[in-house]
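The values are calculated or read from the model by the stated rules, or taken from the named source; none is laboratory data. What you see is a predicted model; the values in this text were computed from it and never measured. Heads up, the Cβs are rebuilt from the backbone with ideal geometry, glycines too, and the neighbour counts pull from every protein chain shown.
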Amino acid sequence: AGLTATLRLLDSGASVMLVEKEKRLGGNSAKASSGINAWTSTRTEAHANDTLASFVADTAKSALRDAGFSHTGSMIELLASRSEAAIEWLKARTTIDLSKVAQLGGHSFARTHRPSNGMIGAELVFALQKEVKRFEASGSLRLCSGCRVTRLLQDGPEGAEGAVLGVAYADAAGDEHEARAADTMLATGGFASDRSSASLLATHRPDLLHFPTTNGDWATGDGMKLAMNIGASTVDMDRVQIHPTGFVDAKDLDASTKVLCGEMMRGVGGLLLTPNGTRFVNELAPRDKVVAAELATGATEFAIVLNAAASKEAGKHAELYERKGLLSRVVGAAGLAGYMAGMRGAADAATLAPRLSSELEAYSATAAAGGGDPW
Ligand SMILES: Cc1cc2nc3c(=O)[nH]c(=O)nc-3n(C[C@H](O)[C@H](O)[C@H](O)COP(=O)(O)OP(=O)(O)OC[C@H]3O[C@@H](n4cnc5c(N)ncnc54)[C@H](O)[C@@H]3O)c2cc1C
(Lines give C-alpha, C1' and ligand atoms only; values in the text may rest on other atoms or scores of the structure.)
Protein backbone atom coordinates (compact mmCIF):
# COMPACT_ATOMS: atom_id res chain seq x y z
CA ALA A 1 0.00 0.00 0.00
CA GLY A 2 2.81 2.40 0.92
CA LEU A 3 4.75 1.75 -2.28
CA THR A 4 1.68 2.21 -4.47
CA ALA A 5 0.69 5.43 -2.69
CA THR A 6 4.26 6.68 -3.01
CA LEU A 7 4.39 5.99 -6.74
CA ARG A 8 1.00 7.61 -7.33
CA LEU A 9 2.11 10.71 -5.42
CA LEU A 10 5.47 10.91 -7.19
CA ASP A 11 3.72 10.57 -10.55
CA SER A 12 1.46 13.48 -9.63
CA GLY A 13 4.51 15.67 -9.01
CA ALA A 14 4.60 15.52 -5.21
CA SER A 15 7.75 15.02 -3.13
CA VAL A 16 7.63 12.01 -0.82
CA MET A 17 9.59 10.82 2.17
CA LEU A 18 9.05 7.07 2.57
CA VAL A 19 9.87 5.81 6.07
CA GLU A 20 10.21 2.02 6.43
CA LYS A 21 11.28 0.35 9.66
CA GLU A 22 12.79 -2.73 7.99
CA LYS A 23 15.99 -2.67 5.94
CA ARG A 24 14.01 -3.88 2.93
CA LEU A 25 10.79 -2.52 1.48
CA GLY A 26 7.82 -4.79 0.94
CA GLY A 27 6.38 -5.91 4.29
CA ASN A 28 3.76 -8.65 4.07
CA SER A 29 3.01 -7.56 0.51
CA ALA A 30 6.31 -9.13 -0.55
CA LYS A 31 5.16 -12.42 0.99
CA ALA A 32 1.89 -12.64 -0.94
CA SER A 33 1.85 -15.74 -3.08
CA SER A 34 -1.57 -16.45 -4.56
CA GLY A 35 -2.59 -13.31 -6.41
CA ILE A 36 -4.68 -10.15 -6.48
CA ASN A 37 -8.47 -10.45 -6.58
CA ALA A 38 -10.16 -8.26 -9.14
CA TRP A 39 -13.27 -8.21 -11.26
CA THR A 40 -12.36 -7.31 -14.82
CA SER A 41 -14.69 -6.55 -17.70
CA THR A 42 -12.61 -8.58 -20.18
CA ARG A 43 -14.45 -11.89 -20.42
CA THR A 44 -12.87 -15.29 -20.87
CA GLU A 45 -14.52 -18.67 -20.68
CA ALA A 46 -13.42 -19.06 -17.04
CA HIS A 47 -15.44 -16.06 -15.91
CA ALA A 48 -17.93 -15.52 -18.70
CA ASN A 49 -20.89 -15.07 -16.34
CA ASP A 50 -19.09 -13.18 -13.59
CA THR A 51 -20.49 -9.84 -12.46
CA LEU A 52 -19.25 -7.10 -10.18
CA ALA A 53 -22.21 -7.81 -7.89
CA SER A 54 -21.10 -11.43 -7.59
CA PHE A 55 -17.55 -10.33 -6.64
CA VAL A 56 -18.98 -7.96 -4.00
CA ALA A 57 -21.22 -10.74 -2.64
CA ASP A 58 -18.38 -13.29 -2.46
CA THR A 59 -16.09 -10.78 -0.76
CA ALA A 60 -18.75 -9.84 1.79
CA LYS A 61 -19.37 -13.53 2.48
CA SER A 62 -15.67 -14.17 3.07
CA ALA A 63 -15.51 -11.11 5.32
CA LEU A 64 -18.53 -12.54 7.22
CA ARG A 65 -20.45 -9.37 6.44
CA ASP A 66 -23.70 -8.54 4.79
CA ALA A 67 -22.77 -6.58 1.60
CA GLY A 68 -24.92 -3.69 2.83
CA PHE A 69 -23.16 -3.47 6.22
CA SER A 70 -22.27 0.18 6.92
CA HIS A 71 -18.55 0.98 6.78
CA THR A 72 -17.37 -2.48 5.77
CA GLY A 73 -20.06 -2.87 3.13
CA SER A 74 -19.24 0.39 1.43
CA MET A 75 -15.51 -0.41 1.60
CA ILE A 76 -16.08 -3.79 -0.06
CA GLU A 77 -18.09 -2.14 -2.83
CA LEU A 78 -15.45 0.54 -3.27
CA LEU A 79 -12.54 -1.91 -3.44
CA ALA A 80 -14.41 -4.29 -5.75
CA SER A 81 -15.56 -1.58 -8.14
CA ARG A 82 -12.05 -0.13 -8.38
CA SER A 83 -10.29 -3.48 -8.65
CA GLU A 84 -10.19 -3.50 -12.45
CA ALA A 85 -8.64 -0.02 -12.53
CA ALA A 86 -6.05 -1.17 -9.97
CA ILE A 87 -5.03 -4.15 -12.10
CA GLU A 88 -4.92 -2.03 -15.25
CA TRP A 89 -2.80 0.60 -13.49
CA LEU A 90 -0.32 -2.01 -12.27
CA LYS A 91 -0.01 -3.49 -15.75
CA ALA A 92 0.42 -0.10 -17.39
CA ARG A 93 2.71 1.53 -14.81
CA THR A 94 5.00 -1.41 -14.00
CA THR A 95 6.43 -4.37 -15.88
CA ILE A 96 4.53 -6.92 -13.79
CA ASP A 97 2.97 -9.90 -15.53
CA LEU A 98 -0.57 -10.59 -14.26
CA SER A 99 -1.61 -12.84 -17.10
CA LYS A 100 -2.78 -15.82 -15.05
CA VAL A 101 -6.33 -15.59 -13.66
CA ALA A 102 -7.46 -18.42 -11.39
CA GLN A 103 -10.52 -19.33 -9.34
CA LEU A 104 -9.41 -19.63 -5.73
CA GLY A 105 -11.15 -20.29 -2.42
CA GLY A 106 -14.31 -18.32 -1.67
CA HIS A 107 -14.80 -17.14 -5.27
CA SER A 108 -17.59 -18.17 -7.62
CA PHE A 109 -15.44 -17.36 -10.67
CA ALA A 110 -11.82 -16.98 -11.76
CA ARG A 111 -10.71 -13.57 -10.40
CA THR A 112 -7.31 -13.97 -8.80
CA HIS A 113 -4.57 -12.42 -10.95
CA ARG A 114 -0.97 -13.56 -10.71
CA PRO A 115 2.17 -13.88 -12.84
CA SER A 116 2.21 -16.84 -15.22
CA ASN A 117 5.06 -18.34 -13.22
CA GLY A 118 6.16 -16.50 -10.13
CA MET A 119 5.19 -15.27 -6.69
CA ILE A 120 2.87 -12.28 -6.91
CA GLY A 121 4.18 -10.46 -3.83
CA ALA A 122 7.87 -10.64 -4.66
CA GLU A 123 7.22 -9.65 -8.28
CA LEU A 124 4.88 -6.83 -7.31
CA VAL A 125 7.22 -5.30 -4.74
CA PHE A 126 10.19 -5.66 -7.11
CA ALA A 127 8.27 -3.93 -9.92
CA LEU A 128 6.89 -1.13 -7.72
CA GLN A 129 10.12 -0.30 -5.94
CA LYS A 130 12.02 -0.20 -9.23
CA GLU A 131 9.63 2.53 -10.43
CA VAL A 132 9.62 4.35 -7.09
CA LYS A 133 13.42 4.42 -6.77
CA ARG A 134 13.78 6.13 -10.16
CA PHE A 135 12.62 9.31 -8.37
CA GLU A 136 15.54 9.28 -5.92
CA ALA A 137 17.92 10.82 -8.45
CA SER A 138 15.73 13.91 -8.94
CA GLY A 139 15.39 14.36 -5.18
CA SER A 140 11.60 14.04 -5.17
CA LEU A 141 11.86 10.76 -3.24
CA ARG A 142 13.68 10.47 0.05
CA LEU A 143 13.82 6.86 1.16
CA CYS A 144 14.55 6.21 4.80
CA SER A 145 14.71 2.45 5.43
CA GLY A 146 15.61 1.00 8.80
CA CYS A 147 13.70 3.95 10.30
CA ARG A 148 10.81 3.27 12.67
CA VAL A 149 8.06 5.86 13.05
CA THR A 150 7.49 6.34 16.77
CA ARG A 151 5.12 9.28 16.99
CA LEU A 152 2.85 11.52 14.94
CA LEU A 153 3.78 15.19 15.26
CA GLN A 154 0.86 17.46 15.95
CA ASP A 155 -0.12 21.04 15.83
CA GLY A 156 -0.69 21.64 19.55
CA PRO A 157 -0.11 19.43 22.60
CA GLU A 158 0.24 15.66 22.06
CA GLY A 159 -3.09 13.84 22.08
CA ALA A 160 -5.10 16.98 21.32
CA GLU A 161 -7.11 17.29 18.15
CA GLY A 162 -4.46 19.22 16.26
CA ALA A 163 -3.51 18.60 12.64
CA VAL A 164 -0.79 16.01 11.98
CA LEU A 165 2.39 17.78 10.91
CA GLY A 166 4.61 14.78 10.20
CA VAL A 167 6.32 11.99 12.10
CA ALA A 168 9.04 11.35 14.64
CA TYR A 169 11.18 8.33 13.81
CA ALA A 170 14.15 6.42 15.18
CA ASP A 171 16.91 5.57 12.71
CA ALA A 172 18.88 2.31 12.63
CA ALA A 173 21.27 3.65 15.30
CA GLY A 174 18.30 4.52 17.54
CA ASP A 175 18.70 8.28 17.07
CA GLU A 176 15.44 10.24 17.04
CA HIS A 177 14.52 12.55 14.15
CA GLU A 178 11.51 14.54 13.05
CA ALA A 179 10.16 14.80 9.51
CA ARG A 180 7.54 17.42 8.73
CA ALA A 181 5.20 17.24 5.75
CA ALA A 182 2.01 18.76 4.39
CA ASP A 183 0.35 15.34 4.47
CA THR A 184 1.12 12.17 6.40
CA MET A 185 -0.07 8.75 5.29
CA LEU A 186 0.08 5.61 7.43
CA ALA A 187 0.47 2.30 5.58
CA THR A 188 1.98 0.08 8.26
CA GLY A 189 -0.03 -3.11 7.71
CA GLY A 190 -1.69 -5.38 10.25
CA PHE A 191 -0.94 -6.74 13.73
CA ALA A 192 -0.83 -10.54 13.54
CA SER A 193 2.73 -10.55 14.91
CA ASP A 194 1.84 -8.30 17.85
CA ARG A 195 2.09 -11.03 20.48
CA SER A 196 2.84 -9.35 23.81
CA SER A 197 0.28 -9.51 26.63
CA ALA A 198 -0.80 -5.92 25.95
CA SER A 199 -0.81 -6.39 22.19
CA LEU A 200 -3.59 -5.48 19.78
CA LEU A 201 -4.07 -9.19 19.06
CA ALA A 202 -4.37 -9.97 22.78
CA THR A 203 -6.81 -7.08 23.17
CA HIS A 204 -9.06 -7.83 20.22
CA ARG A 205 -8.63 -11.56 19.51
CA PRO A 206 -7.04 -13.26 22.54
CA ASP A 207 -8.50 -16.55 21.27
CA LEU A 208 -6.05 -16.44 18.35
CA LEU A 209 -2.84 -15.90 20.31
CA HIS A 210 -1.97 -19.60 20.30
CA PHE A 211 -2.12 -19.89 16.49
CA PRO A 212 1.12 -19.52 14.52
CA THR A 213 1.35 -16.66 12.03
CA THR A 214 2.69 -16.31 8.50
CA ASN A 215 3.14 -12.54 8.96
CA GLY A 216 6.55 -10.94 9.24
CA ASP A 217 7.84 -9.67 12.61
CA TRP A 218 7.07 -6.12 11.47
CA ALA A 219 3.28 -6.66 11.56
CA THR A 220 2.75 -5.15 15.01
CA GLY A 221 -0.03 -2.65 14.32
CA ASP A 222 2.26 0.38 14.70
CA GLY A 223 0.13 2.67 12.53
CA MET A 224 -3.02 1.87 14.47
CA LYS A 225 -1.25 2.54 17.76
CA LEU A 226 0.26 5.80 16.47
CA ALA A 227 -3.16 6.98 15.34
CA MET A 228 -4.94 5.81 18.50
CA ASN A 229 -2.34 7.66 20.58
CA ILE A 230 -3.62 10.92 19.13
CA GLY A 231 -7.27 10.02 19.54
CA ALA A 232 -8.19 8.11 16.35
CA SER A 233 -10.94 5.54 16.69
CA THR A 234 -10.83 2.15 15.02
CA VAL A 235 -13.27 -0.24 13.37
CA ASP A 236 -13.24 -4.00 12.79
CA MET A 237 -10.18 -4.66 14.96
CA ASP A 238 -11.56 -8.11 15.77
CA ARG A 239 -11.64 -9.08 12.08
CA VAL A 240 -8.48 -11.16 12.07
CA GLN A 241 -8.66 -13.99 9.57
CA ILE A 242 -7.11 -17.39 10.10
CA HIS A 243 -5.64 -18.84 6.92
CA PRO A 244 -6.39 -22.56 6.63
CA THR A 245 -2.95 -23.71 5.48
CA GLY A 246 0.59 -23.06 6.70
CA PHE A 247 3.47 -25.48 6.17
CA VAL A 248 4.66 -27.57 9.11
CA ASP A 249 8.44 -27.65 8.92
CA ALA A 250 9.74 -31.07 9.99
CA LYS A 251 12.79 -29.30 11.47
CA ASP A 252 10.63 -27.09 13.72
CA LEU A 253 7.17 -28.60 14.10
CA ASP A 254 5.75 -26.00 16.48
CA ALA A 255 7.36 -22.86 15.04
CA SER A 256 5.24 -19.82 15.88
CA THR A 257 5.97 -18.30 12.45
CA LYS A 258 5.26 -20.49 9.46
CA VAL A 259 5.56 -20.33 5.69
CA LEU A 260 2.13 -19.87 4.18
CA CYS A 261 0.81 -22.65 1.99
CA GLY A 262 -1.00 -20.18 -0.25
CA GLU A 263 -4.62 -20.25 -1.33
CA MET A 264 -3.28 -21.02 -4.79
CA MET A 265 -2.13 -24.49 -3.70
CA ARG A 266 -5.77 -25.50 -3.16
CA GLY A 267 -6.81 -23.50 -6.21
CA VAL A 268 -4.66 -25.61 -8.54
CA GLY A 269 -6.34 -28.74 -7.19
CA GLY A 270 -4.57 -29.51 -3.90
CA LEU A 271 -6.68 -31.83 -1.74
CA LEU A 272 -6.77 -31.60 2.04
CA LEU A 273 -6.61 -34.86 3.97
CA THR A 274 -6.67 -35.65 7.67
CA PRO A 275 -3.72 -37.68 9.03
CA ASN A 276 -6.09 -40.64 8.72
CA GLY A 277 -6.28 -40.14 4.99
CA THR A 278 -9.81 -38.78 4.63
CA ARG A 279 -11.03 -35.68 2.83
CA PHE A 280 -13.22 -33.49 5.02
CA VAL A 281 -14.03 -30.20 3.24
CA ASN A 282 -14.50 -28.45 -0.09
CA GLU A 283 -11.00 -27.07 -0.50
CA LEU A 284 -12.35 -24.00 -2.33
CA ALA A 285 -14.82 -23.00 0.39
CA PRO A 286 -14.27 -19.61 2.09
CA ARG A 287 -11.38 -19.67 4.57
CA ASP A 288 -13.54 -19.57 7.70
CA LYS A 289 -15.38 -22.69 6.51
CA VAL A 290 -12.16 -24.57 5.76
CA VAL A 291 -10.67 -23.57 9.12
CA ALA A 292 -13.85 -24.62 10.98
CA ALA A 293 -13.79 -27.99 9.20
CA GLU A 294 -10.11 -28.46 10.09
CA LEU A 295 -10.70 -27.66 13.75
CA ALA A 296 -13.74 -29.96 13.84
CA THR A 297 -11.58 -32.94 12.86
CA GLY A 298 -9.50 -32.52 16.04
CA ALA A 299 -6.29 -33.07 14.04
CA THR A 300 -3.35 -30.68 14.32
CA GLU A 301 -1.74 -31.48 10.99
CA PHE A 302 -3.18 -32.13 7.54
CA ALA A 303 -1.75 -33.21 4.23
CA ILE A 304 -2.18 -31.16 1.07
CA VAL A 305 -1.93 -33.49 -1.90
CA LEU A 306 -1.26 -32.30 -5.46
CA ASN A 307 -1.23 -34.67 -8.39
CA ALA A 308 1.29 -34.18 -11.21
CA ALA A 309 -1.00 -31.81 -13.15
CA ALA A 310 -1.74 -29.66 -10.09
CA SER A 311 1.93 -29.54 -9.18
CA LYS A 312 2.81 -28.45 -12.72
CA GLU A 313 0.15 -25.73 -12.55
CA ALA A 314 1.64 -24.53 -9.24
CA GLY A 315 4.95 -24.10 -11.11
CA LYS A 316 7.54 -22.09 -9.19
CA HIS A 317 5.46 -22.29 -6.01
CA ALA A 318 5.75 -26.09 -5.82
CA GLU A 319 9.44 -25.90 -6.75
CA LEU A 320 10.14 -23.37 -4.01
CA TYR A 321 8.29 -25.31 -1.30
CA GLU A 322 10.02 -28.51 -2.37
CA ARG A 323 13.41 -26.79 -2.22
CA LYS A 324 12.61 -25.59 1.30
CA GLY A 325 11.77 -29.17 2.32
CA LEU A 326 8.12 -28.26 2.97
CA LEU A 327 6.62 -30.23 0.09
CA SER A 328 7.71 -33.77 -0.77
CA ARG A 329 7.47 -35.76 -3.96
CA VAL A 330 5.88 -39.20 -3.46
CA VAL A 331 4.80 -41.92 -5.87
CA GLY A 332 1.29 -43.37 -5.70
CA ALA A 333 -0.94 -44.06 -2.70
CA ALA A 334 1.74 -46.24 -1.10
CA GLY A 335 4.31 -43.43 -1.30
CA LEU A 336 1.80 -40.97 0.13
CA ALA A 337 0.93 -43.39 2.93
CA GLY A 338 4.62 -43.76 3.78
CA TYR A 339 4.97 -39.98 3.97
CA MET A 340 1.77 -39.37 5.92
CA ALA A 341 2.57 -42.08 8.48
CA GLY A 342 5.21 -39.66 9.79
CA MET A 343 2.60 -36.97 10.57
CA ARG A 344 1.35 -36.34 14.09
CA GLY A 345 -1.84 -38.28 14.73
CA ALA A 346 -1.47 -40.44 11.60
CA ALA A 347 -2.31 -44.09 11.20
CA ASP A 348 0.47 -46.46 10.10
CA ALA A 349 1.37 -46.74 6.41
CA ALA A 350 -0.22 -50.18 5.95
CA THR A 351 -3.59 -48.88 7.22
CA LEU A 352 -3.31 -45.62 5.30
CA ALA A 353 -2.40 -47.00 1.86
CA PRO A 354 -5.74 -48.67 0.95
CA ARG A 355 -7.71 -45.82 2.51
CA LEU A 356 -5.80 -43.23 0.49
CA SER A 357 -6.21 -45.31 -2.62
CA SER A 358 -9.98 -45.40 -2.36
CA GLU A 359 -10.22 -41.73 -1.27
CA LEU A 360 -8.18 -40.51 -4.24
CA GLU A 361 -9.94 -42.83 -6.68
CA ALA A 362 -13.33 -41.61 -5.47
CA TYR A 363 -12.22 -38.01 -5.95
CA SER A 364 -10.89 -38.69 -9.45
CA ALA A 365 -14.14 -40.41 -10.42
CA THR A 366 -16.17 -37.43 -9.16
CA ALA A 367 -13.90 -35.01 -11.00
CA ALA A 368 -14.17 -37.03 -14.21
CA ALA A 369 -17.97 -37.09 -13.87
CA GLY A 370 -17.91 -33.30 -13.44
CA GLY A 371 -19.88 -33.23 -10.17
CA GLY A 372 -21.23 -35.11 -7.19
CA ASP A 373 -18.46 -34.22 -4.73
CA PRO A 374 -19.86 -34.85 -1.22
CA TRP A 375 -18.17 -31.70 0.03
C1 LIG B 1 2.35 -15.04 3.79
C2 LIG B 1 1.27 -14.13 3.27
C3 LIG B 1 0.73 -14.35 2.01
C4 LIG B 1 -0.27 -13.52 1.52
N5 LIG B 1 -0.77 -13.74 0.26
C6 LIG B 1 -1.68 -12.87 -0.26
C7 LIG B 1 -2.15 -13.00 -1.60
O8 LIG B 1 -1.74 -13.89 -2.33
N9 LIG B 1 -3.05 -12.10 -2.05
C10 LIG B 1 -3.51 -11.07 -1.26
O11 LIG B 1 -4.32 -10.26 -1.73
N12 LIG B 1 -3.08 -10.92 0.01
C13 LIG B 1 -2.17 -11.79 0.52
N14 LIG B 1 -1.72 -11.62 1.79
C15 LIG B 1 -2.20 -10.46 2.54
C16 LIG B 1 -1.46 -9.22 2.05
O17 LIG B 1 -0.08 -9.53 1.96
C18 LIG B 1 -1.67 -8.04 2.98
O19 LIG B 1 -3.04 -7.79 3.08
C20 LIG B 1 -0.95 -6.82 2.41
O21 LIG B 1 0.41 -7.12 2.24
C22 LIG B 1 -1.08 -5.65 3.32
O23 LIG B 1 -0.36 -4.59 2.71
P24 LIG B 1 0.06 -3.34 3.56
O25 LIG B 1 0.75 -2.41 2.65
O26 LIG B 1 -1.11 -2.86 4.33
O27 LIG B 1 1.09 -3.92 4.66
P28 LIG B 1 2.64 -4.46 4.48
O29 LIG B 1 2.82 -4.92 3.08
O30 LIG B 1 2.87 -5.38 5.57
O31 LIG B 1 3.44 -3.11 4.61
C32 LIG B 1 3.55 -2.42 5.83
C33 LIG B 1 4.94 -1.86 5.93
O34 LIG B 1 4.97 -0.91 7.00
C35 LIG B 1 6.20 -1.08 7.69
N36 LIG B 1 6.04 -0.55 9.05
C37 LIG B 1 5.27 -1.05 10.05
N38 LIG B 1 5.38 -0.29 11.15
C39 LIG B 1 6.23 0.72 10.85
C40 LIG B 1 6.75 1.83 11.58
N41 LIG B 1 6.43 2.06 12.86
N42 LIG B 1 7.61 2.66 10.95
C43 LIG B 1 7.98 2.44 9.64
N44 LIG B 1 7.53 1.40 8.92
C45 LIG B 1 6.66 0.56 9.51
C46 LIG B 1 6.42 -2.58 7.67
O47 LIG B 1 7.76 -2.92 7.94
C48 LIG B 1 5.99 -2.93 6.25
O49 LIG B 1 7.05 -2.84 5.32
C50 LIG B 1 -0.74 -12.45 2.31
C51 LIG B 1 -0.20 -12.23 3.58
C52 LIG B 1 0.80 -13.05 4.06
C53 LIG B 1 1.37 -12.78 5.42
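Kindly evaluate Ala1 against the criterion of being modelled with pLDDT of 95 or more and more than 6 Å from the ligand (Cβ to nearest atom).
no
If a residue must be hydroxyl-bearing (Ser, Thr, Tyr) and surrounded by fewer than 15 Cβ atoms within 10 Å (Cβ to Cβ), how many such residues does region 2-30 contain?
Going through region 2-30, the residues hydroxyl-bearing (Ser, Thr, Tyr) turn out to be 4, 6, 12, 15, 29.
In the following step, the residues that additionally are surrounded by fewer than 15 Cβ atoms within 10 Å (Cβ to Cβ) were identified as 12, 15.
Of the residues in region 2-30, 2 are hydroxyl-bearing (Ser, Thr, Tyr) and surrounded by fewer than 15 Cβ atoms within 10 Å (Cβ to Cβ).
Could you list, in sequence order, the residues of region 191-241 that are within 11 Å of the ligand (Cβ to nearest atom), of a type outside the set (Phe, Trp, Tyr) and part of a loop (DSSP other than H, G, I, E, B)? Please lay out each step first, then the result.
Of all residues in region 191-241, those within 11 Å of the ligand (Cβ to nearest atom) come to 191-194, 213-226, 241.
Still in the list and also of a type outside the set (Phe, Trp, Tyr): 192-194, 213-217, 219-226, 241.
Passing the criteria: Ala192, Ser193, Asp194, Thr214, Asn215, Gly216, Asp217, Ala219, Thr220, Gly221, Gln241.
Please go through region 301-315 and pick out each residue that is more than 14 Å from Thr278 (Cα to Cα) and surrounded by 14 or more Cβ atoms within 10 Å (Cβ to Cβ).
Scanning region 301-315 gives Leu306, Asn307, Ala310, Ser311, Glu313, Ala314, Gly315.
Does Met237 satisfy the criteria of being surrounded by fewer than 19 Cβ atoms within 10 Å (Cβ to Cβ) and either more than 14 Å from Val19 (Cβ to Cβ) or outside the structural domain of Thr274 (by TED's automatic domain parsing) (or both)?
Taking the combined requirement at face value, the residue satisfies it.
Going by the conditions given, is Tyr339 touching a residue at least 24 places away in the same chain (Cβ under 8 Å), in contact with a Cys (Cβ under 9 Å, 6 or more places away or on another chain) and closer than 19 Å to Val248 by Cβ?
Against the criterion (touching a residue at least 24 places away in the same chain (Cβ under 8 Å), in contact with a Cys (Cβ under 9 Å, 6 or more places away or on another chain) and closer than 19 Å to Val248 by Cβ), Tyr339 does not qualify.
Taking region 12-55 on its own, how many of its residues are within 16 Å of the ligand (Cβ to nearest atom) and within 30 Å of Ala181 (Cβ to Cβ)?
Total satisfying the criteria: 18.
Right, Ala67: among the aliphatic types (A, V, I, L, M), over 30 Å from Ala314 (Cβ atoms), away from the ligand (no atom under 16 Å from the Cβ) and at pLDDT below 95 or not?
yes
Failed condition for Thr300, given (1) closer than 26 Å to Asn37 by Cα; (2) part of a loop (DSSP other than H, G, I, E, B), with all others met?
It fails just one condition, (1).
Name every residue in region 242-257 that is more than 9 Å from the ligand (Cβ to nearest atom) and assigned to a loop (DSSP other than H, G, I, E, B), in order of residue number. Can you show your working first?
Pass one, region 242-257, residues more than 9 Å from the ligand (Cβ to nearest atom): 242, 244-245, 247-257.
Within region 242-257, Ile242, Pro244, Thr245, Phe247, Val248, Ala250, Lys251, Leu253, Asp254, Ala255, Ser256 qualify.
Residue check: is Arg82 in contact with a helix residue (DSSP H, G or I) (Cβ under 6 Å, 6 or more places away or on another chain) and among the basic types (Lys, Arg)?
No; evaluated as a whole, the condition is false for this residue.
What are the residues in region 243-253 that are touching a residue at least 24 places away in the same chain (Cβ under 8 Å) and surrounded by fewer than 18 Cβ atoms within 10 Å (Cβ to Cβ), if any?
The answer is Asp249, Ala250, Lys251, Leu253.
Give me the residue from region 108-117 that is part of a loop (DSSP other than H, G, I, E, B) and within 12 Å of the ligand (Cβ to nearest atom) and, out of that set, surrounded by the most Cβ atoms within 10 Å (Cβ to Cβ).
The qualifying residue surrounded by the most Cβ atoms within 10 Å (Cβ to Cβ) is Arg111.
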